[in-house]
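Right, one structure below, let's go through it.
The values are calculated or read from the model by the stated rules, or taken from the named source; none is laboratory data. As the structure is a computational prediction, the values presented were derived from the model and not from experiment. What goes into the accessible areas is simple: the full protein's heavy atoms, side chains included, and nothing from ligands, DNA or RNA. Shrake-Rupley method; radii C 1.70, N 1.55, O 1.52, S 1.80 Å.
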Amino acid sequence: MRENLETMIRAFRQAGAEVVLVEIPRSLYTDPYAGLERRLAREYDLELVPDSAIRWIVLTSPIAPPGRWMPGWRLTDDGLHPNERGNEFLTRRVAEALERLYGPSLRP
C-alpha cells in the first residue's frame with residue numbers, strides 16, 4: 001500500500017499537481033496501516049485531511065450511540081458511507097486543506 005501511494009505521489013508531482021492526502025481509518029480498533037498517510041504527509045511535505053473527519057461521520061451514524069442521540073445531525077445513514085450532509089462535512093475539511101495550500105482566495 002505504501003509503495004502504491006508513493007508511486008502516485010511521485011507521478012502526480014511529476015505532472016505538476018499538488019497532492020492532498022485524506023487519511024482513511026480502516027477500523028475503529030486495529031489498523032495494520034495506522035498512521036501511513038500521516039507518515040507520508042510528513043515525508044513528502046503534503047497537506048493531510050486527518051481521519052478525525054471520517055471518524056466523526058461514523059460516530060454520528062445511526063449505529064453509534066452519539067448518532068442515535070442526535071438523529072437530526074447524522075452524517076451517514078448506514079454507518080459507513082456519508083450522506084449529503086456528510087459529503088458537505090468532508091468537502092469542508094478538504095477545502096480547509098486546499099486553503100492551507102493556496103490561501104483564502106479559494107473561498108467564493
#### Entry: Rounded, prolate or oblate (a/c below 1.5 giving rounded, otherwise prolate when a/b exceeds b/c) for the chain by Cα gyration tensor
oblate
### Summary
Non-local residues with an amide H under 5 Å from the amide H of T76, with H modelled 1.01 Å from N and Pro and chain starts lacking one, are N83
## Note on the structure
Taking the chain and counting helices only, DSSP H stretches of n ≥ 4 at -39,500 (n - 2.57) each over all residues, the nearest-500 ellipticity at 222 nm comes to -15000 deg cm²/dmol
### Summary
For the chain, the per residue accessible area (1.4 Å probe, Å²) is 66 Å²
#### Entry: Karplus-derived 3J(HN,Hα), 6.51/-1.76/1.60, for each residue of segment 65-75, Hz, glycine and proline x
x, x, x, 5, 7, 10, x, x, 10, 4, 9
